[in-house]
Amino acid sequence: MGDIINTIKERRSVRKYKNIDVPKEKIKRILEAANWAPSNANSQPWKFYVLKKEYLNKVSNVFYKWSKEYIPKADYIPENKKNDMIEYSKNFGGAQNLIVVTYQAYESDKHRTEESLMASCAAVQNICLAAKEEDLGTVWITGHVTHDPETRNILNLNNNEKIAAIIPVGYPAINPPAPPREDSNLVDKVKWMGF
Ligand SMILES: Cc1cc2nc3c(=O)[nH]c(=O)nc-3n(C[C@H](O)[C@H](O)[C@H](O)COP(=O)(O)O)c2cc1C
């Protein structure tokens with residue numbers, strides 16, 4: 001068991017993975033950590049879908065189909081990054097598994113839906129940290145692929161089940177540098193009150 005602060009600081013978003021199978025036992029331990037996340041009234045509004053092989057390929061196809069249309073036209077993405085991003089979308093950087101985290105939405109209760117998403121995000125972070133402790137890389141994927149009806153069809157989600165994250169999982173093939181944190185001394189971001 002690692003030191004939690006080190007694990008938090010050393011976790012990186014990994015976008016390239018080795019072609020090595022991830023033992024199911026490791027994924028189970030990661031999901032157990034996810035299930036220990038806090039939640040509103042302990043409602044545990046999450047579900048976890050663990051995808052491999054043809055299911056992973058199907059979601060990759062959704063991602064790739066969108067990326068190769070969208071990325072070339074996106075002005076805000078630097079030209080020299082576009083090819084790598086499209087390549088990445090073909091198979092989520094060669095991840096062996098995807099963990100999809102969903103949350104329950106309530107049509108008539110915006111606040112409860114918001115809390116449900118918050119709780120599921122806590123579960124997502126637990127997944128990323130627990131994976132780091134298992135020597136596995138992850139990245140929290142959002143955006144179009146998490147909303148595309150085709151993704152929802154592959155997972156057979158009901159109308160009130162939304163996706164908080166798609167998390168590729170695998171042994172890292174790269175060791176990405178830490179993107180710097182702004183205001184690392186927490187001068188501007190923190191307001192100490194009553195001290
Ligand atoms: C809510 C959320 C959404 C994100 N969506 C994406 C995404 O769609 N694609 C991606 O490659 N990374 C995504 N990321 C990862 C961020 O780019 C990454 O966390 C950030 O650049 C900091 O890098 P680090 O995770 O290595 O510290 C997302 C992260 C969060 C928390």
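What follows draws every value from the coordinates through simple rules; no lab data is involved. None of the values given here were measured: they were computed from a predicted structure. Ideal geometry is used to build each Cβ from the backbone, glycine not excepted, and the neighbour counts take in all protein chains shown.
Of all DSSP bridge pairs formed entirely within the chain, close to 95 percent run antiparallel. As a proxy for reagent exposure, ranking Phe48, Phe195 by other Cβ atoms within 10 Å from fewest up yields Phe195, Phe48. Along the range 92-97 the Karplus relation, 6.51 cos²θ - 1.76 cosθ + 1.60 evaluated at θ = phi - 60°, assigns HN-Hα couplings of 6, x, x, 4, 7, 9 Hz to successive residues, with x for each Gly and Pro. In the chain, which whole DSSP H runs stretch at least 27 Å along their own axis (Cα) and average -0.5 or higher on the Kyte-Doolittle scale? Those that pass (Cα extent of 27 Å or more, hydropathy at least -0.5) are 110-133. In a DSSP loop and with at most 15 other Cβ atoms within 10 Å, the trypsin sites (Lys or Arg not before Pro) in the range 10-47 are Lys18.
Taken along its principal axes, the alpha carbon cloud of the range 1-117 reaches lengths of 46, 41, 32 Å, longest axis first. Other residues with beta-carbon under 12 Å from the beta-carbon of Ala130 carry, at +1 per Lys or Arg and -1 per Asp or Glu, a net charge of +1.
Of the peptides 51-63, 100-112, the ranking by mean beta-carbon count within 10 Å, highest at the top, reads 51-63, 100-112. Distance from the C-alpha centroid of the range 132-195 to that of the range 1-72: 9 Å, rounded to the whole angstrom. Count the lysine pairs in the range 31-172 whose Cα atoms lie under 16 Å apart, taking only pairs 8 or more positions apart in sequence or on different chains. Value for the range 31-172: 16.
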